[in-house]
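J.: Supplied in structure tokens, the structure appears directly below.
The values are calculated or read from the model by the stated rules, or taken from the named source; none is laboratory data. Since we're looking at a predicted model, the values are computed, not measured. Please note that ligands, DNA and RNA were not included when accessible areas were found on the heavy atoms of the full protein model with its side chains. Shrake-Rupley method; radii C 1.70, N 1.55, O 1.52, S 1.80 Å.
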Amino acid sequence: PHTCPTHTHTHTPARQQNTLLRSRYYRPSCVIRNGIHGKDLSVIPGYSATRTLLVDNNPVSFLPNPKNGLLVSSWHNDHTDTQLAEALALLMKLKNEPDIRPSLDAYCGARVRAATKRYAGLWTAGHL
């Protein structure tokens, strides 16, 4: 199943809604390339690579912007999931950094690269 607006809203604490999150994007917002659905952050009005973070449970979503991804576990039907709450310290740190990418890479870059490795060639094929 894919994340839907209702599911995401019920799992996003009010504090994060008001101070950290500016917008939410779902599968219809994806860019499709070679049959892969990626979330291309550059299409977002006001996008800044230094200040935009994509939180997703699907590593393929990060292919267009791998340095901006925070990979989380799926939380579908798990109302006891605490992964986003556990990442709050990182989110608060990133909030004050002029460029989030170095800290994000140190936190989870290797995990994102490993998770997207098998799809990266398909995403970039014909688009170099």
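J.: If I compute solvent accessible area with a 1.4 Å probe over the protein chains, what percent of it on segment 46-128 is carbon and sulfur? Walk me through the intermediate numbers first.
T.: On the way: 2650 of 4800 Å².
With neighbouring chains kept in place, the figure for segment 46-128 is 55 percent.
J.: For segment 63-128, what number results from the quotient of the Cα radius of gyration and 2.2 N^0.38 Å?
T.: 1.31
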